[in-house]
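Visitor: Just passing along the structure, written as structure tokens.
The values are calculated or read from the model by the stated rules, or taken from the named source; none is laboratory data. All values derive from a computational prediction rather than experimental measurement. Cβ: placed from backbone, ideal geometry, glycine included. Neighbour counts: every protein chain shown. Remember, those area values only see protein heavy atoms, side chains included, never the ligands or the DNA or RNA. Shrake-Rupley method; radii C 1.70, N 1.55, O 1.52, S 1.80 Å.
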Amino acid sequence: MEQNGIFISYQMAEAIELIEGFNLNVPEEKAKAEESLLELKKRWLNDTLPGTNIKIGDKFTGMQDITIDDIVQISALAKQADTYTLENAGAFQHLLVTNENGQIAFDFEKIDKIASLARKNNKKIIIDSTIVFGDHFPFKIANLDKETISKLIGEYTKQLTGKYGDVIDRMDVLNSIFQRAHVSPGNNAEEFWIKTFGENYGQEVINIVRNNMDSRYPNIKLGWNEFYLTNSNFEQRKIDFLNRVKSTNGLDVIGVQDRFMSGESIDYIISSLDEIATVSKEANKEVCITEFGCSASGIDLRNGNAEIINSKIQNIMNAVKNYSSKSDNIKRIEGRICDKFDFNYGELKNMGFDISTTGRKGVAIERTHIDKKDTPFDKRSQGEVQVYQQIKEKNQIIKQQKAQQKQIEKTKTKILTQPSSNGSGQNGNKGFANAIMLSLIVSFVCGALFMVVYMIIGRYS
């Protein structure tokens, strides 16, 4: 693994653009920047997630905590990454609009902001959930027939690659859709695509996209991104998915969007990644970890020990990173660099668990120095290092206490059982014989006493 990618929302791009208009070393200029940021935050509260009526402010609560210093850090980290992933900002079904003539068109405003930042920083972008997105049922095209939908997908692909082909590294054509009902009971998004294009809908959609890409940019990669591929609860789904994608023509990249779970064993996660990398390589496809993060499992959340949970999360993150760095077919790790632009920020803030998709609570915000030769995933704050050492020392003490307690219990058991024979071999046989002899002696004495008593009674009766 030689590259790293980060998520950039259009709000992050707006914030970075904002600070570039001020000289932040001058107090008066920084004060003006802070005023402008307040106005931007007010607008964010009323923004909606692309293609939905869900207000940003209801989900990304952490964005209201963003400071100018935070944005400076984000801007610096954005200059180090290789790619920017557009989270939902380029999803086909989200960008469908009806123009003033009543015709269906596409709104590229949000992509423009991120693409502009990418060009300025000489980076590439990844279009997340380009066509098929399992998180939402495609209501906007639900009543259209296959031919009409195919034309819309084709037209979107032409316009998208025509406008941004110079900066697009990859388009994740399908995302979080395969056997979605197995993971999210009641989610029927996949049923729509099966009904429209058949069981092999993935191949059908890939073909449409491949055939409509701007010919000037033939090196744009097409990906299929799925989650819970390293979760043992969905082992058969992983097998079915790999069988599907390895035979999908025109597909270049398999995306692992797992948000690894703290309750899963590291061995299973790594063996699953190895299986995915091996199968993909044999099928001449690359692998990217498209959401480098770890969530606290339900059972861990219920137990509520933040230190243990965070330690497990760090171990999983380190194991995944180490394996990926040695794999010749995992080409990139992609993840968030700021918790405050994460859906889970409320849980991070209120519960103290390191469950953000950065996998490292607050790290991007705590940094005070940035070394350009390091990647965003290599940096740790001093606070994080101290917490890690505290957890490590505490776990070592617990381990020693358990070992001492176990030794004490073994000693007690040995003392209690020492007088008894082990019931086997020579000592066992000897003990058995002694028991019989003792019984015979006791019986003889009792019999003798009985005879004496009987004779005495008979004499005086």
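Visitor: Any chance you could run the full-extension gain for Gln236 through Asn219? It's 0.36 nm times the residue separation minus the Cα-Cα distance, nm to one decimal.
Guide: Details: separation 17, 0.36 × 17 = 6.12 nm, distance 3.29 nm.
Separation in residues times 0.36 nm, less the Cα-Cα distance, equals 2.8 nm.
Visitor: Run the 1.4 Å probe and let me know the accessible area of Ile266, rounded to the nearest 10 Å².
Guide: Per-residue accessible area (Ile266): approximately 60 Å².
Visitor: Net charge near Phe234: determine it from the other residues with C-beta under 15 Å of the C-beta of Phe234, scoring Lys and Arg +1 and Asp and Glu -1.
Guide: Net charge around Phe234: -2.
Visitor: May I ask you to compute the full-extension gain from Glu29 to Thr67, defined as 0.36 nm times their residue separation minus their alpha-carbon distance, rounded to one decimal in nm?
Guide: Full extension from Glu29 to Thr67 adds 12.2 nm.
Visitor: Read phi for every residue in region 234-242 and hand back ³J(HN,Hα) as whole Hz from Karplus 6.51 cos²θ - 1.76 cosθ + 1.60, θ = phi - 60°, with x for Gly and Pro.
Guide: Per residue, the Karplus-derived 3J(HN,Hα) values read 10, 4, 5, 4, 4, 4, 4, 5, 5 Hz.
Visitor: Could you state how much accessible area Val132 has, in square angstrom rounded to the nearest 10, with a 1.4 Å probe and all protein chains kept in place?
Guide: 0
Visitor: May I pose another question? Students often check this: by mean Cβ neighbours within 10 Å, which of 244-255, 136-147 ranks highest, and how do the rest follow?
Guide: Averaged packing, sorted descending, gives the order 244-255, 136-147.
Visitor: Right, another one. How long is the gain from Leu18 to Asn315 if the chain were fully straight, where each residue apart is worth 0.36 nm and the alpha carbon distance is subtracted? Numbers along the way, then the final one.
Guide: On the way: separation 297, 0.36 × 297 = 106.92 nm, distance 3.72 nm.
That pair, Leu18 and Asn315, stretches by 103.2 nm at full extension.
Visitor: Continuing with the same structure: Roughly how big is region 89-216's charge dipole about its Cα centre, with Cβ charges of +1 (Lys, Arg) and -1 (Asp, Glu), in debye to the nearest 20?
Guide: Here the size comes out at about 480 debye.
Visitor: Right, next: Considering only region 29-155, what is the antiparallel percent among its DSSP beta bridges, to the nearest 5?
Guide: Around 50 percent of the beta bridges assigned by DSSP in region 29-155 are antiparallel ones.
Visitor: On to the next question. Test of the criteria: in region 187-219, which trypsin sites (Lys or Arg not before Pro) are in a DSSP loop and have at most 13 other Cβ atoms within 10 angstrom of their Cβ?
Guide: Filter output for region 187-219: Arg216.
Visitor: Past the 26 Å Cα-Cα mark, which pairs from Lys41/Lys158; Lys158/Lys340; Lys79/Lys331; Lys238/Lys340?
Guide: Pairs exceeding 26 Å: Lys41/Lys158; Lys158/Lys340; Lys238/Lys340.
Visitor: While we're looking at this one, here's another question. Measuring from label point to label point, each 7 Å out along Cα→Cβ, what is the Ile54 to Thr278 span in nm?
Guide: 3.7
Visitor: Report, please, the projected area of region 244-287 averaged over directions, based on the convex hull of its C-alpha atoms, in nm².
Guide: On the way: hull surface 12.8 nm².
The directionally averaged projection comes out at 3.2 nm².
Visitor: Turning to a different aspect of this structure: Would you work out if region 134-224 is rounded, prolate or oblate? Take a ≥ b ≥ c from the square roots of the eigenvalues of the alpha-carbon gyration tensor; rounded if a/c is under 1.5, else prolate when a/b is larger than b/c, oblate otherwise.
Guide: Prolate, since a/c reaches 1.5 and a/b exceeds b/c.
Visitor: How do 67-76, 93-102 rank on mean C-beta neighbours within 10 Å, highest first? Walk me through the intermediate numbers first.
Guide: Numbers: 67-76: 17.4, 93-102: 13.2.
In decreasing order of mean packing, 67-76, 93-102 become 67-76, 93-102.
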